[in-house]
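Please treat every number below as a calculation from the coordinates, not as lab data. Every value quoted in this text rests on a predicted model; they were computed, and no experiment measured them. When we count neighbours, we look across all protein chains shown, and the Cβ atoms used for this are built from the backbone with ideal geometry, even at glycine.
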Amino acid sequence: MAQMITSPRGTSDVLPSDSYKWQFVESKLKEVCERFNYSETRTPTFEHTELFQRGVGDATDVVDKEMYTMQDKGGRSITLRPEGTAGVVRSFMQNGVLTGTLPVRSYYLLSCFRYEKPQAGRLREFHQLGIEMFGSPFPDADCEVIRVAKTALDELGIKKVRLELNSIGCPKCRPKYRQSLYNYFKQYEDQLCDTCKTRLEKNPMRILDCKSPICSGIAANAPVALDYLCEECHDHFEDVKRLLSEAGVSYFVNPSIVRGLDYYTKTVFEFVHEGAGAQGVVCGGGRYDGLVESLGGPSTPAIGFGMGIERLLIVAENEGIDFPLPSGPDLFIGYIGDLGESKTRSLVFQLQCNGVKAIYDINHRSLKAQMKYANKLRSKKMIVLGDDEVTSNSAILKDMFSGEEQTVDIDPARLAAAL
């Protein structure tokens, strides 16, 4: 016997017993986005590697360690997308979307790929909802994007989350902050992990995001970006906080939030769940006002977030949220004898073409076994066709939950109307 092939490490199957939960979450997220006037964008699963090197930042762990990069048959360097924003920016620039009416609001549901240690809520192939708004520099945009995330979490029934907020400045004020971080961490260079020793020279802000206990302990007393904001960034952050308060959105200022990608500027935020352990961040995002320009487009302010579907499902389970079970077939048709089977086969197909969720047993079991099968499928109603029913063109329609029965015409249109 040949050895069974298993799924690659860090990937996960979504089986029929769980797919209804994914469908519920995804449909709710899409509905919330569309209510806020965000339209769906779909981008390729892979892009030219340069897009992520320039967009995400070559000093990040994502680009430096985690990307799935390969050469195609034409010798081009291709990378499976590690996140969604850079691809959307590329698409909008290439297709002239950003030259139209602004702001542009968009959302996406997609899979991303990062080579990292698999653990609960962190897989090598993972799925996320993302939204992006292009073309508004105003704090109203920050507030709106945060409200989209909060509304989605609220309507999924997730309660034990808190919004954490920070500002990491802009190209005007960040150089002074980076220099202060460099001066601070330089004192402890011999204690830093090897990765952070490299970060010290490339981008010392990344050290703030290190999960090493030693590095995070050193970072706890590092200078904070809020103390180095220019007047514009300071006023922007104050307005964001004011607008959130006016909208009734509670928040905590967390000076240690920097996010993991280099393109962020000004506002950064996370929604953190108190019961999800190390993977408590279920949503994170912020401004990236310089990203479009860095990829060759016009200067375009932008803001967005990413929300992990796997983490949402873990959080929902942690909170004991019950997702609505998928409905069973509208109608199960049982049969007796060759005439009943032939009519059943034809009738089921006609009903399905008319929009009815109908099914029959294709394994030719006994009528008793067919009825057990109908119960396992959670069928709403059932009829049984034999010689008499086919001849009279009528059958007894039984409600599988209430037990009520009625005689119905088995003409496809009339039967569909009786359901």
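Per Stokes-Einstein, at 37 °C and 0.692 mPa s, what whole-number D in µm² s⁻¹ belongs to region 331-418, with the Kirkwood radius over Cα pairs as the hydrodynamic radius?
Diffusion coefficient, whole number: 258 µm²/s.
Determine the dipole magnitude for the chain: charges of +1 sit on the beta-carbon of Lys and Arg, -1 on that of Asp and Glu, nothing else is charged, the reference point is the Cα centre, and the result goes in debye to the nearest 20.
Its charge dipole is roughly 700 debye.
Calculate I(q)/I(0) for region 121-195 by the Debye formula, one identical point scatterer on each C-alpha and no solvent, and give its log10 at q = 0.14, 0.16, 0.25, 0.26 Å⁻¹ to two decimals.
Calculated log10 I(q)/I(0) at the listed q: -0.85, -0.96, -1.17, -1.21.
Anything over 25 Å Cα to Cα? Flag those among Lys357/Lys398; Lys117/Lys172; Lys160/Lys241, in the order listed.
Table pairs above 25 Å Cα-Cα are Lys117/Lys172.
Which angle from 0 to 90°, rounded to the nearest 10, does the C-alpha axis of helix 367-376 make with the longest principal axis of the chain?
Taking Cα atoms only, the helix is inclined about 20 degrees.
What share of Cα pairs, in percent, lie more than 26 angstrom apart in the chain?
Pairs farther apart than 26 Å: 63 percent.
Angle check, please: helix 174-186 long axis (alpha carbons) against the longest principal axis of the chain (alpha carbons), in degrees 0 to 90, nearest 10.
Between the helix axis and the principal axis of the chain, the angle is about 80 degrees.
Once Lys and Arg get +1 and Asp and Glu get -1 on their Cβ, which of Gln3, Phe271, Gly403 lies farthest toward the positive end of the dipole of the chain?
Gln3
Could you order peptides 250-258, 148-156 by the average number of other Cβ atoms within 10 Å of their residues, highest first?
Those peptides, ordered most packed to least, come out 148-156, 250-258.
Give a quick list of trypsin sites (Lys or Arg not before Pro) in region 4-36 that DSSP marks as loop, anything other than H, G, I, E or B, with at most 11 other Cβ atoms within 10 Å.
For trypsin sites (Lys or Arg not before Pro) across region 4-36 that sit outside H, G, I, E and B with at most 11 neighbouring Cβ atoms in 10 Å, the list reads Arg9.
Taking Cα atoms, how many degrees apart are the long axis of helix 337-353 and the longest axis of the chain, rounded to 10 and kept between 0 and 90?
Orientation of helix 337-353: about 40 degrees from the principal axis.
If one computes the Cα centroid of region 331-362 and of region 75-127, what distance in Å separates the two points?
First find each Cα centre; the distance between them is then 44 Å.
If you take the beta carbon distance between Gln119 and Phe46 as r and set R0 to 25 Å, what does 1/(1 + (r/R0)^6) give as a FRET efficiency, to the nearest 0.05?
Efficiency for this residue pair is about 0.50.
To the nearest 20 Debye, how big is the dipole of region 331-418 about its Cα centre, given +1 on the beta carbon of each Lys and Arg and -1 on that of each Asp and Glu?
Here region 331-418 has a charge dipole of around 520 debye.
If the chain between Ser346 and Arg242 were fully stretched, how many nm would it gain, using 0.36 nm times the residue separation less the Cα-Cα distance?
Separation in residues times 0.36 nm, less the Cα-Cα distance, equals 31.0 nm.
List the GluC sites (Glu not before Pro) in region 3-95 that DSSP assigns to loop (not H, G, I, E or B) and whose Cβ has at most 15 other Cβ atoms within 10 Å. Which are they?
none
Return the calculated 222 nm mean residue ellipticity for the chain, to the nearest 500 deg cm²/dmol, obtained by summing -39500 (n - 2.57) across DSSP H runs with n ≥ 4 and dividing by the residue count.
-10500 deg cm²/dmol
Under 10 Å, Cα contacts only: if you run a Gaussian network model on the chain, which one of Arg242, Arg162, Arg345 comes out with the highest mean-square fluctuation?
Taking springs between Cα atoms under 10 Å, the residue moving most is Arg345.
Could you tell me which of Gly100, Ile131, Thr85 has its Cα farthest along the dipole of the chain towards the positive end, charges placed at Cβ (Lys, Arg +1; Asp, Glu -1), taken about the Cα centre?
Final value for the positive-end residue is Thr85.
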